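First the structure, in the form of structure tokens, and then the observations on it.
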Amino acid sequence: QKEVEQNSGPLSVPEGAIASLNCTYSDRGSQSFFWYRQYSGKSPELIMFIYSNGDKEDGRFTAQLNKASQYVSLLIRDSQPSDSATYLCAVNGKADMRFGAGTRLTVKP
Amino acid sequence: DVKVTQSSRYLVKRTGEKVFLECVQDMDHENMFWYRQDPGLGLRLIYFSYDVKMKEKGDIPEGYSVSREKKERFSLILESASTNQTSMYLCASSMTSAYNEQFFGPGTRLTVL
């Protein structure tokens, strides 16, 4: 079992819709969770982090964490074509960070 | 803003050459990381360092070594480049706490012919 698993996609949504990205992790001791966005040919950039169970909202983005189910998600409301990218889920390890392989999102105008 | 820079955006080397990739961060971060990223495989950790002259192996250290002589600088060395080391190499840095996010450099796309 991979330490951090994501559906590779591609996930395609129409402009204005809600995009839902999911991630599961294996280490119950993990304490911090991150979502990165990576445009093609660019490096990852942090868009959200979450430490506590529940929801955390930042503009059009909402991160959701359920530690009992070992599940993290990212919702993007009112999706825009500029949101088209690969989204990486990351979970802190003992001394480093574990990344999922990423979900590719396409928002169609 | 945190700035992480890498010595080259694109690099082409020949099989057997010794290759140096350099990373510099300007935010006094304790931790620095080297990853490679390949399609379908995501980010894979090669080495990381949590202090000057300290290093820890990641998931795929074979064929690589690292050097951290100064806090702001972390170098990745390919002792004898091979074609299977053709990849995107990403450097990142973070503060010590596990709660802190990693900041990435722009990446170096290395091609080994």
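The values are calculated or read from the model by the stated rules, or taken from the named source; none is laboratory data. Since the model is a prediction, treat every value here as computed from it, not as a measurement. Because the Cβ atoms are built from the backbone with ideal geometry, glycine has one as well, and the counts that use them run over all protein chains shown.
Considering only residues that are touching a residue at least 60 places away in the same chain (Cβ under 8 Å) and in a helix (DSSP H, G or I), which ones fall in region B:66-84?
B:Thr83
Just one of the numbered conditions (1) surrounded by fewer than 15 Cβ atoms within 10 Å (Cβ to Cβ); (2) charged (D, E, K, R); (3) under 26 Å from A:Val91 (Cα atoms) is not true of B:Lys70; which one?
(3)
Please go through (1) closer than 13 Å to A:Glu5 by Cα; (2) touching a Lys or Arg at 6+ places or on another chain (Cβ under 8 Å); (3) not in a loop (DSSP other than H, G, I, E, B) for A:Leu21 and return the number of the only condition it doesn't satisfy.
If we test A:Leu21 against (1) closer than 13 Å to A:Glu5 by Cα; (2) touching a Lys or Arg at 6+ places or on another chain (Cβ under 8 Å); (3) not in a loop (DSSP other than H, G, I, E, B), just (2) comes out false.
How many residues does region B:3-20 hold that are part of a strand (DSSP E or B) and away from chain A (no Cβ under 14 Å)?
Counting residues in region B:3-20 that are part of a strand (DSSP E or B) and away from chain A (no Cβ under 14 Å) gives 5.
Has region B:17-26 got at least one residue that is β-branched (Val, Ile, Thr), farther than 26 Å from A:Phe49 by Cβ and over 13 Å from the mean Cα position of the chain (by Cα)?
Scanning region B:17-26, I find no residue that is β-branched (Val, Ile, Thr), farther than 26 Å from A:Phe49 by Cβ and over 13 Å from the mean Cα position of the chain (by Cα), so the answer is no.
I'd like the full set of residues that are more than 16 Å from B:Met95 (Cα to Cα), of a type in the set (Gly, Ala, Ser) and either touching a residue at least 24 places away in the same chain (Cβ under 8 Å) or surrounded by 13 or more Cβ atoms within 10 Å (Cβ to Cβ) (or both), limited to region B:32-58.
Listed by number, the residues that qualify are B:Gly42, B:Gly58.
B:Arg36 - would you say it is among the charged types (D, E, K, R), within 11 Å of chain A (Cβ to nearest Cβ), part of a strand (DSSP E or B) and within 11 Å of the chain's Cα centre (by Cα)?
no
Pairs, please: C-beta under 6 Å, at least 6 apart or cross-chain, first residue facing another protein chain (nearest Cβ under 8 Å) and surrounded by 13 or more Cβ atoms within 10 Å (Cβ to Cβ) and in region A:39-53, second part of a loop (DSSP other than H, G, I, E, B) and modelled with pLDDT of 95 or more?
Pairs found: A:Ser43/B:Pro106; A:Ser43/B:Gly107.
Looking only at residues in region A:90-109 that are at the interface with chain B (Cβ under 7 Å from one of its Cβ atoms) and within 13 Å of the chain's Cα centre (by Cα), which one is nearest to A:Arg77 (Cα to Cα)?
A:Gly102
Could you tell me whether region B:76-85 includes any residue that is polar (S, T, N, Q) and crowded, with 18+ Cβ neighbours inside 10 Å?
Yes: region B:76-85 contains one or more residues that are polar (S, T, N, Q) and crowded, with 18+ Cβ neighbours inside 10 Å.
Anything in region A:37-64 that is basic (Lys, Arg) and either farther than 20 Å from B:Phe33 by Cβ or within 13 Å of the chain's Cα centre (by Cα) (or both)? List them, or say none.
A:Arg37, A:Lys56, A:Arg60
For region B:43-102, give me each residue that is out of contact with any Gly (no Cβ under 6 Å at 6 or more places or on another chain), among the small types (Gly, Ala, Ser) and away from chain A (no Cβ under 13 Å).
Scanning region B:43-102 gives B:Gly63, B:Ser65, B:Ser67, B:Ser75, B:Ala81, B:Ser82, B:Ser87.
What is the number of the single condition among (1) touching a strand residue (DSSP E or B) at 6+ places or on another chain (Cβ under 8 Å); (2) under 23 Å from B:Cys23 (Cα atoms); (3) without any contact (Cβ under 8 Å) to a residue 40 or more places away in the chain that A:Tyr36 does not meet?
So the condition that A:Tyr36 fails would be (3).
Provide a single number: the residues in region A:68-91 that are more than 23 Å from B:Asp38 (Cβ to Cβ) and either polar (S, T, N, Q) or surrounded by fewer than 16 Cβ atoms within 10 Å (Cβ to Cβ) (or both).
The number of residues fulfilling the criteria is 11.
Among the residues that make up region B:86-104, is at least one of them in a strand (DSSP E or B) and farther than 20 Å from A:Ser43 by Cβ?
No, because not a single residue in region B:86-104 is in a strand (DSSP E or B) and farther than 20 Å from A:Ser43 by Cβ.
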